[in-house]
Amino acid sequence: MAGPLSGRTVVELAGQGPVPFAGMMLADMGAEVIRVERMPGRRATWKDHQRTDTLARGRRSIQVDLKHPRGAEVVLRLVDGADALVEGFRPGAAERLGVGPEPCLSRRPALVYGRMTGWGQHGPNAHRAGHDLNYLALTGALHSIGLAGGPPVPPLNLIADYGGGGMLLAFGVVCGLLEADRSGQGQVIDAAMIDGVAALMAPFYAMSAAGHWSERRGTNYLDSGAPFYAVYETSDGRHLSVAAIEPKFYRALLGALGTDPADLPPQLDRASWPGTKERLAAIFRTRTLTEWCAVFEEVDACVAPVLTPLEAVTHPHAAARGAFTQVAGIPQPAPAPRFGRTPGTTPTPPPLPGAHTRDVLLEAGFAAGDVEELRAQGIVA
């Protein structure tokens, strides 16, 4: 069976970070995603290691000069046969290029037009530049990540670019498609990374307002402040993650460490957390990571080794679930989530920019001579 989005066509105006991530998510679920790349130039040099561009997997690619009026017409012709379009330009840029919501929806009234920005389509910051770290900063997320006494720590670009950005956009597109099926009408989806990060932060805003969350980093029970929710170093310089929040798991943790709970303050005594954490840290430093993994193999205490990315790929649990796959010799996550009847598609390698220009345009109704003319004029490549 094909993936759950089989039969859907999405036009992706290629960009950075969240837009290709959303494209990957949709393509993994069976959608036909046509990636519209910029013409050869500065961005093309970023593709020197094409096989490793995981976010571009599973779709076809065409190259179009969107700054040329006929380039915009090429995209609009693709829209005629599409269910959705996604773009990640600054507000107003798609309109200036002639591929904004108005001309697209006038041609395809049921189109779902997904817009991905950092700050959103309106507001004082809407036209300002930004990246993942900036959106984390303005939503309060960055302030909350880091060790006690230290500065905020950038958590890669996972939260705003991917979780609060690309995944939010993919979710919005699918919601829009479901609604369009009922109404026959498309609409514009305004997906902003600050909105997505704010949604992920929902419980922390509430806890802060209720006085249950301290603004001092590294002092709360989910930010490394608690001894039962922290990362500990082992004797060989590796690390273990400990998340023994519930009392039964905390008791199991202490038992595996050979520590009598009666010899320690109560688990939720915040004043004693720093001292308890030091005591546990000293115990963890007495054995290697491998030795501790053996200890906790049969102990249900919410303890797991901190793996490198390549170690994660080959871990027995990941192997048993088929959590990773190889595409063109490059390890990468398998499509997720899992569907029992209509599983996601097997990812194909990332295409070279423009690899499918001719085929896609012919399918869109262009005559072979028109395609050659567009190519000769430098409008497509």
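Any read-out appearing in this document is the output of simple, stated calculations on the displayed coordinates, not a laboratory observation. Everything quoted here is computed from the prediction, not taken from an experiment. Heads up, the Cβs are rebuilt from the backbone with ideal geometry, glycines too, and the neighbour counts pull from every protein chain shown.
For the reader, a short list of remarks on this structure follows.
- In order through segment 347-362: 3J(HN,Hα) via Karplus (6.51 cos²θ - 1.76 cosθ + 1.60), integer Hz, x for Gly, Pro: x, 9, x, x, x, 5, x, x, 4, 10, 3, 4, 4, 5, 5, 5
- With R₀ set to 45 Å, the beta-carbon distance separating Ser208 from Arg107 gives a calculated FRET efficiency near 0.45.
- Cβ-Cβ FRET estimate between Ala294 and Leu147, R0 fixed at 30 Å, reported to 0.05: 0.60
- Top positive-direction residue, dipole computed over the chain with Cβ charges, set Ala170, Pro155, Gln63: Gln63
- Relative to the Cα centre, the charge distribution of the chain, modelled as +1 at Lys and Arg Cβ and -1 at Asp and Glu Cβ, gives a dipole magnitude of about 440 debye.
- For Thr308, Thr290, Thr117, the sequence from fewest to most other C-beta atoms within 10 Å is Thr308, Thr290, Thr117.
- Average Cα contact separation per residue, the chain, under 8 Å, 6 or more apart, as relative contact order %: 22
- Here the simple spin-label model places points 7 Å from the Cα toward Cβ, and for Asp359 and Leu310 these points are separated by 3.3 nm.
- The candidate values are [x] 34, 23, 21; [y] 50, 22, 18; [z] 47, 23, 18; the one derived from this structure for semi-axes √(5λ) of the Cα gyration tensor in Å carries the label [z].
- Summary value for segment 56-159: 20 percent relative contact order, contacts being C-alpha pairs under 8 angstrom separated by 6+ residues.
- Between Ala376 and Arg216, the modelled label-to-label distance comes to 7.5 nm, taking each label 7 Å out from Cα in the direction of the beta carbon.
- Within the chain, longest stretch free of exposed GluC sites (Glu not before Pro) [DSSP loop, at most 10 other beta carbons within 10 Å]: 1-214
- Span from the segment 333-361 Cα centroid across to the segment 121-148 one, whole angstrom: 32
- The phi-based Karplus calculation (6.51 cos²θ - 1.76 cosθ + 1.60; θ = phi - 60°) puts the 3J(HN,Hα) values of segment 295-312 at 4, 8, 4, 10, 10, 8, 10, 6, 10, 8, x, 8, 9, 6, x, 6, 5, 4 Hz, whole numbers, x for Gly and Pro.
- Cα-projected label distance for Ile330 with His122, points at 7 Å along beta-carbon direction, nm: 4.0
- Subtracting the Cα-Cα distance of Arg90 and Ala319 from 0.36 nm times their residue separation leaves 78.4 nm of extension gain.
- Those trypsin sites (Lys or Arg not before Pro) in segment 97-198 that DSSP places in a loop and that have at most 12 other beta carbons within 10 Å: Arg128
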